[in-house]
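The values are calculated or read from the model by the stated rules, or taken from the named source; none is laboratory data. Just so we're clear, the structure is a prediction, and the values are computed from it rather than from any experiment. With ideal geometry, Cβ positions are generated from the backbone for all residues, glycine too; neighbour counts draw on all protein chains shown.
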Amino acid sequence: MNKTFYQRHREKLQKLNGLFMTNPVVERGFILAPVVAAAYSCKNAVSLGIGFMIITFLTVMLSSFISKRIPYTIRTILYALIGCVVFVPTAMLIDWMFEDALYTTGIFLPLLVANSLIVVKSESRFHKHNKGYMAVDVFSHTVGFFIVIVLVGLIREFFGSGALFGVSVNQLVVAPALLMPFSGFILVGLLAALGNIIRKRIEHPRSKEEGLQ
């Protein structure tokens, strides 16, 4: 059976798995709260996506310099403290980019300083690699989160309020219920199911002989 591109280059592509194969939201189920509760508009989604990328990337990279001789519990607290320091300029940047974004995203933006990738994955995945590999790996996971949250925000705003970034573009099919948190859970679940089907096809493609049977 002929191997797919992914199978032939699996080892090289491991560091990019965060984009899809191990996406932190639709595959791992991490950082769901901001996606389902606050990503009901493109502005909120992009704001949270950018905030997540900056806070997570810089925090994981900076925390990698903390000595492993320090007890694990203390290290985890230090990771969160580094995230708090990174949050301040990040919040200022987002406030400059999107008016009122700090208010519309609510508590979910500051909560990113202690997200699962920082608190859990720093030790179990990212810090086990050299700095170069780690940088690409962390970046791919943050981009993977950004893609999912923006996609969810776009769909919910377009069909929930008939707008994109606050500009009315669709008045034909509008379902305000899509702006509620429960719709975020449903949408993420559908994306996870679709992603699981695609992931299985990539990892274990059916041969032509199997398809003919």
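When residue 129 is evaluated against the numbered criteria (1) within 24 Å of residue 87 (Cβ to Cβ); (2) in contact with an Asp or Glu (Cβ under 7 Å, 6 or more places away or on another chain); (3) not acidic (Asp, Glu), which criterion, by number, is the only one it fails?
(1)
Evaluate segment 178-187: report whether one residue or more is in a loop (DSSP other than H, G, I, E, B) and farther than 18 Å from residue 17 by Cβ.
For segment 178-187, residues in a loop (DSSP other than H, G, I, E, B) and farther than 18 Å from residue 17 by Cβ: present.
Yes/no per residue for (1) over 18 Å from the mean Cα position of the chain (by Cα); (2) assigned to a loop (DSSP other than H, G, I, E, B); (3) surrounded by fewer than 16 Cβ atoms within 10 Å (Cβ to Cβ); (4) at pLDDT 90 or above:
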{"residue": "139", "(1), (2), (3), (4)": "no, no, no, yes"}
{"residue": "143", "(1), (2), (3), (4)": "no, no, no, yes"}
{"residue": "157", "(1), (2), (3), (4)": "yes, no, no, yes"}
{"residue": "195", "(1), (2), (3), (4)": "no, no, no, no"}
{"residue": "200", "(1), (2), (3), (4)": "yes, no, yes, no"}
{"residue": "210", "(1), (2), (3), (4)": "yes, no, yes, no"}
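Okay, residues lined up against (1) under 30 Å from residue 167 (Cβ atoms); (2) in a loop (DSSP other than H, G, I, E, B); (3) touching a residue at least 24 places away in the same chain (Cβ under 8 Å):
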| site | (1), (2), (3) |
| --- | --- |
| 27 | no, yes, yes |
| 57 | no, no, yes |
| 73 | no, no, no |
| 77 | no, no, no |
| 107 | yes, no, no |
| 117 | no, no, yes |
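Return yes or no: is residue 56 modelled with pLDDT of 75 or more and buried (at least 22 other Cβ atoms within 10 Å of the Cβ)?
yes
So residue 90 passes all but one of these: (1) within 15 Å of residue 108 (Cα to Cα); (2) touching an Asp or Glu at 6+ places or on another chain (Cβ under 8 Å). Which condition number does it fail?
(2)
Condition check: among the β-branched types (Val, Ile, Thr) and assigned to a helix (DSSP H, G or I). Does residue 174 satisfy that?
In short, no.
So residue 177 fits all but one of (1) more than 21 Å from the chain's Cα centre (by Cα); (2) buried (at least 17 other Cβ atoms within 10 Å of the Cβ); what number is the exception?
(2)
Are any of the residues in segment 121-136 of a type in the set (Phe, Trp, Tyr), touching a Gly at 6+ places or on another chain (Cβ under 6 Å) and surrounded by 15 or more Cβ atoms within 10 Å (Cβ to Cβ)?
No.
State which residue pairs qualify: first residue touching a residue at least 40 places away in the same chain (Cβ under 8 Å) and inside segment 29-47, second residue among the polar types (S, T, N, Q) and buried (at least 21 other Cβ atoms within 10 Å of the Cβ) in any location, beta carbons under 8 Å apart, and separation of 6 or more residues or different chains.
That search, which allows pairs on different chains as well, returns 30/115; 31/115; 34/105; 38/44; 38/105; 44/105; 47/105.
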